[in-house]
1. Grab the Cα-Cα distance for E70 and A104, subtract it from 0.36 nm times how many residues apart they are, and report the gain in nm with one decimal.
2. For a quick check: sort V31, V22, V36 by the number of other beta carbons within 10 angstrom, fewest at the front.
3. Amide H of A112: which non-local residues (sequence gap of 5 or more, or other chain) have their own amide H closer than 5 Å, using H built in the peptide plane?
Amino acid sequence: MPQVHLPESGRWASDLRLYRRVIEIRDAVLVLRDYVDPGTIEAARAHAGSEALATACWLPLAEAAKERGEPPRAAPPPGADCSGEEWADEVGFALTLAEHRDSALVRSFQPASGSIPDGQR
C-alpha cells in the first residue's frame, strides 16, 4: 500500500525489510508451485531429502514454465506445507533456497519423465 512506509534507518528498518523479503519469497514459491506437476515435485522430494531442498530443485523449472507463458495448473499439486511454525523456520527456508539455487544438488535434478516438454529442461 502506498501509505505504508518502512523506516529509513534503525533496527526496525532492517527487521521489516527481512520480514517483507521472506514473505515475498514465500508468496513467489506458492505462485510458482502451480507451474510444475506433482510428479516433478515428488521427484524433487526423493532427490533432495528435505522440502526446502526439493523446492530449490523444482523452482527453476517452474520459473522457466512461467517465463514461457505456460498457464498455471488448475489446482495446485498436493504436498507438504514447508512453511514451518516459527519465524526462524521461514528464514531458514529462504536461506536454503538462496544457498542452493545453483548447487550441484539442484543442477543434478532430473524431473519426472513426461513432466516437462522435450527441449525445455
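Throughout, read-outs are computed from the coordinates displayed, never taken from laboratory work. Since the model is a prediction, treat every value here as computed from it, not as a measurement. Every residue, glycine as well, gets a Cβ built from its backbone with ideal geometry; the counts of neighbours run over all protein chains shown.
1. On the way: separation 34, 0.36 × 34 = 12.24 nm, distance 2.69 nm.
That pair, E70 and A104, stretches by 9.5 nm at full extension.
2. On the way: V31 13, V22 17, V36 28.
Ascending number of Cβ neighbours within 10 Å: V31, V22, V36.
3. So A112 has HN proximity to T40, A43.
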